[in-house]
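Working notes for the structure below.
Just so you know, all these numbers are worked out from the coordinates, no wet-lab data involved. Just so we're clear, the structure is a prediction, and the values are computed from it rather than from any experiment.
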Amino acid sequence: MTPKLYSGLLTDCCAGIVSRIMPARERQSDKLLLFDLDGTLYRTETSFVPTMEAAYQEYALPYPGDAAILAFIGEPYPVFLDWLLAQGLPGDRDTLGARISEIELASIRERGELFPEVRETLQVLHRTDHLIALATNGDMEYARAVLSATNILSLFDVLQTNEGDGRTKAELVRDLLLRVPHGRAFMIGDRYHDVEAGRANGCTVIGAAYGYGPPEELGVADHRIETFAELPRVLDEFAREAR
């Protein structure tokens, strides 16, 4: 498929990757930061819980509770849809997925929120010559909706998304690393698949302990942060240790 150009971004829809087009001298760096989206940057419950409450109401089924829904944050969308179908929601995966996505995109625009200090911290990292990348199990439409609604899209150099082709988070990260020149790479995320993806690809792993994963999922991370605002200090510490 021919890549498409929009808003200064070049997207290869089949690969699920977007690279910002800019002079190489402006954004060359040996420091690559790969961010998970849900539970790391984005407070997904602000839009996802209302979305699922509305969906269950629309289908006249009892809502299973926030905990059951939030347990799927960070998982590939088809995994969640298969669970919903098993719970009795009607239709097939494609039809159900399209309807939930429609509700969710409106919910993101209306009420979606980042975790505290995310925008400000990303701005600091951008100014200090870090390459900023997204590696998410969400698809491109979802990722762009969240980043646009929360006014942080312009801070990203690369977006790597999951377009439902069965790739694992580790494979998504591998593909991104192969396409982006870098020195040291950091994977920052809140769930076990972020940790596994980072370790499988030789990244330094920073666990977002404030996110949705239980503490044991971050047990083998190289470092854990309790707030996003801690990240620049932690990166500075790693830089000093490497000298």
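Points worth noting:
- Length-normalised contact order of region 45-111 in % [C-alpha pairs under 8 Å, at least 6 apart]: 47 percent
- Here the extension length gained between residue 229 and residue 148 equals 27.1 nm, from 0.36 nm per residue of separation less the Cα-Cα distance.
- From the alpha carbon centroid of region 175-243 to that of region 78-103 is 31 Å.
- In Hz, Karplus ³J(HN,Hα) per residue of region 61-72 (6.51, -1.76, 1.60; θ = phi - 60°; x = Gly, Pro): 10, x, 5, x, x, 4, 4, 5, 6, 5, 4, 8
- Build a GNM of the chain with springs between Cα atoms under 10 Å apart, and of 88, 97, 219 the one that fluctuates most is 88.
- Over the chain, relative contact order from alpha-carbon pairs under 8 Å, at least 6 apart, %: 24 percent
- Intensity falloff of region 45-111 expressed as log10 I(q)/I(0), Debye formula with alpha-carbon point scatterers, at q = 0.15, 0.29 Å⁻¹: -0.41, -1.72
- Rounded to 5, the percent of DSSP beta bridges in the chain classed as antiparallel: 40 percent
- With the helix formula -39500 (n - 2.57) applied to DSSP H stretches of n ≥ 4, the chain reaches a computed 222 nm mean residue ellipticity of -12500 deg cm²/dmol.
- Computed 3J(HN,Hα) for region 137-146, one whole-Hz value per residue from the Karplus formula 6.51 cos²θ - 1.76 cosθ + 1.60 where θ = phi - 60°, is 7, x, 8, 5, 4, 5, 4, 5, 4, 5, glycine and proline marked x.
- Here the 3J(HN,Hα) profile of region 110-127, calculated from phi with Karplus coefficients 6.51, -1.76 and 1.60 at θ = phi - 60°, is 7, 9, x, 9, 7, 5, x, 6, 5, 4, 5, 6, 4, 4, 4, 5, 5, 5 Hz, Gly and Pro shown as x.
- Average projection area in nm² (convex hull over Cα atoms of region 171-243, one quarter of hull surface): 4.9 nm²
- Under a 5 Å amide H cut-off, with hydrogens placed 1.01 Å from N, residue 43 pairs with 113, 114, 115 among residues at least 5 apart or on other chains.
- Angle in degrees between helix 169-179 and the longest Cα principal axis of the chain, rounded to the nearest 10: 40 degrees
- Angle between the chain longest axis and helix 231-242 axis [Cα atoms, degrees, rounded to 10]: 40 degrees
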